[in-house]
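Each reported figure results from applying straightforward, stated rules to the coordinates on display, with no laboratory input. Worth saying up front: this structure is predicted, and the values here are computed from it rather than measured. All Cβ positions, glycine included, derive from the backbone under ideal geometry; neighbour counts span all protein chains shown.
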Amino acid sequence: MAQIRPNEPEFTQGFWKHQRFYGDWKRDKYQFPIDKEETNRYDIFHKFFLLARNERVFSHPITRPNPRVLDLGTGTGIWAINVAEEYLKGAHIMAVDLNRIQPALIPPNMETMQFDLEEASWEPLLKDCDLIHMRLLLGSIHNNLWAGTYRKAFEHTTPGGYIEQVEINWLPSWEGNEIPERSSFLEWAQKFLQGMDGFQRSARVDTTNVKAMMEAAGYIDFEERTIRCYVNPWCDDPNEKRVAQWFNLCLIDGVQAMSLAPMIENLGMSIEQVNKLRDAVKSECCKLRYHAYCVMHIWTARRPMH
């Protein structure tokens, strides 16, 4: 049964720029909107991840009674809520984000906290965790602070516990011979990543670097799993088609929000140019003859028992 957290504001504080609503706390650390349109997309993304991973919300079994879970960059909290209600009903789950965009009505075994993960100390956060979870956190942490983020995550992981990070490589690939001569989707991905580089908050997937930083933090048994995520439902397999439908929805609803600050502030584009590119991406991603896909990366590692 869910409970109300009366200390949580009904509306988060924020400001308008680029015709969208952004978070006001630690302004300009998080480069994407937090308005209703965008938070709805976070929830759509959760459905996509569930389908793409065959309803698995984490990779390794958690066997300790009353486990402890820390969800970093929780967004709307939908992953943490789902885990608390359906998968680990006896767990203590803390969901952490820079922005207060989680609902007031949450499961009784879950708590939310507004917290800046770039702080030098994570003292307020849940310790002795069986699972540290991150999803779509690339672009939210300064490049120079990722190694420290993994070190602090390690300190909050119980011996034998896991860290799991799920990210998407936005640079598309194509299956088959039908490839756009000048792909708007590829142009968008390149500009998005370049724009995020300008903030020193890279959204680029680099498995080798992640593995090195996790191992330097103390984790062992690093594993990577990859999943192809088609951007439209061209395929015959019913499950892949359904996953692609949801990924397509995530993309076409999210291109503008992901693009505005990086492209306007770092690449000198106008909002009209961003919207024109958005429209071209939407058009291309809905053409079934183009078998484009992005790759989901799932990284896990374990804290040694001793």
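At-a-glance table
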| quantity | calculated |
| --- | --- |
| Among beta bridges that DSSP assigns inside the chain, antiparallel share in %, nearest 5 | 55 percent |
| ³J(HN,Hα), Karplus 6.51/-1.76/1.60, whole Hz, each residue of region 163-179, x for Gly, Pro | 10, 9, 10, 10, 9, 10, 7, 6, 6, x, 10, 10, 9, x, 9, 8, 10 |
| Rounded tilt (10° steps) of 238-267 against the dominant C-alpha axis of the chain | 80 degrees |
| Kirkwood Rh, angstrom, region 88-172 [1 / mean 1/r, Cα pairs] | 14.2 Å |
| Angle between the chain longest axis and helix 271-285 axis [Cα atoms, degrees, rounded to 10] | 90 degrees |
| Net charge of Cβ neighbours under 9 Å - reference A257; Lys, Arg +1; Asp, Glu -1 | -2 |
| Reciprocal mean inverse distance between Cα atoms of region 121-265 - Kirkwood radius, Å | 17.4 Å |
| Loop-exposed trypsin sites (Lys or Arg not before Pro) per DSSP, neighbour cap 15 Cβ within 10 angstrom, longest uninterrupted part of the chain | 183-286 |
| A216/L249 FRET efficiency (R0 35 Å; Cβ-Cβ; nearest 0.05) | 0.40 |
| Kirkwood Rh, angstrom, region 30-105 [1 / mean 1/r, Cα pairs] | 13.3 Å |
| Neighbourhood net charge (13 Å Cβ-Cβ; Lys/Arg +1, Asp/Glu -1) for I271 | +1 |
| Global size of region 211-306 as Cα Rg and Dmax, reported in angstrom | 18.3, 56 |
| Residue with peak Gaussian network fluctuation, the chain [Cα springs, cutoff 10 Å], from E111, E164, E178 | E178 |
| Likely footprinting exposure, D236, D116, D97, D35, fewest C-beta neighbours within 10 Å first | D236, D116, D35, D97 |
| For region 213-253, the spread of Cα positions along each principal axis, largest first, Å | 42, 24, 10 |
| Volume in Å³ per residue [convex hull over Cα atoms, computed for the chain] | 129 Å³ |
| Per-pair calculated FRET efficiency, R0 = 41 Å: S121 and R242 via Cβ, rounded to 0.05 | 0.40 |
| Estimated dipole of the chain in Debye, rounded to 20 [Cβ of Lys and Arg +1, of Asp and Glu -1, Cα centre] | 80 debye |
| Degrees, to the nearest 10: 207-217 long Cα axis against longest axis of the chain | 20 degrees |
| Residue-count net charge about V281 - beta-carbon cut-off 13 Å; Lys, Arg +1, Asp, Glu -1 | +2 |
